[in-house]
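Chemist: Input: one structure, supplied below.
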């Protein structure tokens, strides 16, 4: 079973708990996965990077369901980078995860979402 199947299966389980902000992040990760080049050479140079925000509860009451989803996203990013990253035109971009802990608290999620969008 590929990492994509694992990631999508884990994401499906957690979708019942996701807010609209999480849908946006999940959609971006899926878009990045689908947009990857399938070349097998690992020794490719990256010409840039793209940051991807990963915002899940690593602590608190929601962490039991969100930990697996966060780990699946990190594994998918690792696999994409190992395959050469994302190719856009003549650029090869490395995915850089920016992980935040929502602490099972919606106001914290809102604050961290704003920071991921505006700062990181």
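The values are calculated or read from the model by the stated rules, or taken from the named source; none is laboratory data. All values reported here derive from a predicted model rather than from experimental measurement. We place every Cβ from the backbone using ideal geometry, glycine too, and count neighbours over all the protein chains shown.
Chemist: If I filter region 65-76 for residues that are over 14 Å from the mean Cα position of the chain (by Cα), at pLDDT 90 or above and closer than 20 Å to residue 120 by Cβ, do I get at least one hit?
Modeler: No, the conditions are met nowhere in region 65-76.
Chemist: Being more than 12 Å from the chain's Cα centre (by Cα), modelled with pLDDT of 85 or more and within 26 Å of residue 115 (Cβ to Cβ) is the requirement here; does residue 80 meet it?
Modeler: no
Chemist: Taking region 63-74 on its own, how many of its residues are touching a helix residue (DSSP H, G or I) at 6+ places or on another chain (Cβ under 7 Å) and surrounded by fewer than 20 Cβ atoms within 10 Å (Cβ to Cβ)?
Modeler: Qualifying residue count, region 63-74: 2.
Chemist: Would you confirm whether any residue within region 38-52 is surrounded by 13 or more Cβ atoms within 10 Å (Cβ to Cβ), modelled with pLDDT of 90 or more and either in contact with a helix residue (DSSP H, G or I) (Cβ under 7 Å, 6 or more places away or on another chain) or in a helix (DSSP H, G or I) (or both)?
Modeler: yes
Chemist: Name the residues in region 75-96 that are part of a helix (DSSP H, G or I), surrounded by 15 or more Cβ atoms within 10 Å (Cβ to Cβ) and free of Cβ contacts under 8 Å to residues at least 60 places away in the same chain, would you?
Modeler: 77, 80, 81, listed by residue number.
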